[in-house]
1. Report the number of Lys pairs in the chain whose alpha-carbons are under 24 Å apart, with separation of 8 or more residues or on distinct chains.
2. Loop only per DSSP, at most 12 neighbouring Cβ atoms within 10 Å: give me the chymotrypsin sites (Phe, Trp or Tyr not before Pro) in region 1-91, ordered by residue number.
3. Would you please name the trypsin sites (Lys or Arg not before Pro) within region 14-68 that are DSSP coil residues with at most 16 other C-beta atoms within 10 Å of their C-beta?
4. Using unit Cβ charges (K, R positive; D, E negative) and no other charged atoms, how large, in debye to the nearest 20, is the dipole of the chain about its Cα centre?
5. Just to confirm my numbers, what's the Cα centroid distance between region 82-114 and region 2-16 in Å?
6. Report the residue, chosen from L53, L93, L85, that carries the largest GNM mean-square fluctuation when the chain is represented by alpha-carbon nodes joined by springs under 10 Å.
7. Compare A52, A117, A84 in a GNM of the chain, Cα atoms joined below 10 Å, and give the one with the largest fluctuation.
8. Can you figure out the FRET efficiency of K92 with A11, using R₀ = 35 Å and their beta-carbon distance, to the nearest 0.05?
Amino acid sequence: MIEVYIDGASAGNPGPSGAGVFINNNGVVERHSFPLGNMENHEAEYHALIKALEICVANKYQVVSFRTDSNQAIEKRFAKNKYALLLERALKLSDELDLFFMKWIPNIENKSADELARRAIRLNKAEEIHEQDS
């Protein structure tokens, strides 16, 4: 079973945001940082889930166990307002997998994904500075 750790982070709420995805594929590790632009933290969490699911689908990973320190609505398959479209995208992607599990874990156990999300924020801020210099 492939273990996928995800985290979204924002520097401000809303603010520059990033998604971190840490994948342990039977000892082969993948690390991904995705700058997301300005958004709320909860929205960044959904984007981290979607990015991770896209990676799993693209790589044809079929049995995956996701770990997150966020309270997402994927188990209930329902979200309100602007999160409904993000949840719908995540559910469609998760349905492409043979087995998909999501487990809540404490922050301390999600350090790798958190560091990747914070790295994405720094990349996001660096891109903003570069654009201002242009």
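Please treat every number below as a calculation from the coordinates, not as lab data. All of these numbers come straight from a predicted model, not from anything done at the bench. In this analysis, Cβ positions are derived from the backbone assuming ideal geometry, glycine residues included, and neighbour counts consider all displayed protein chains.
1. Close lysine pairs found across the chain: 19.
2. Filter output for region 1-91: F78.
3. Filter output for region 14-68: K60.
4. Values: 16 positive and 20 negative charges, 45 e Å.
Charge dipole, the chain, about its Cα centre: 220 debye, nearest 20.
5. 12
6. Looking only at L53, L93, L85, the largest GNM fluctuation is found for L85.
7. Judging by the Gaussian network model, the answer is A84.
8. 0.75
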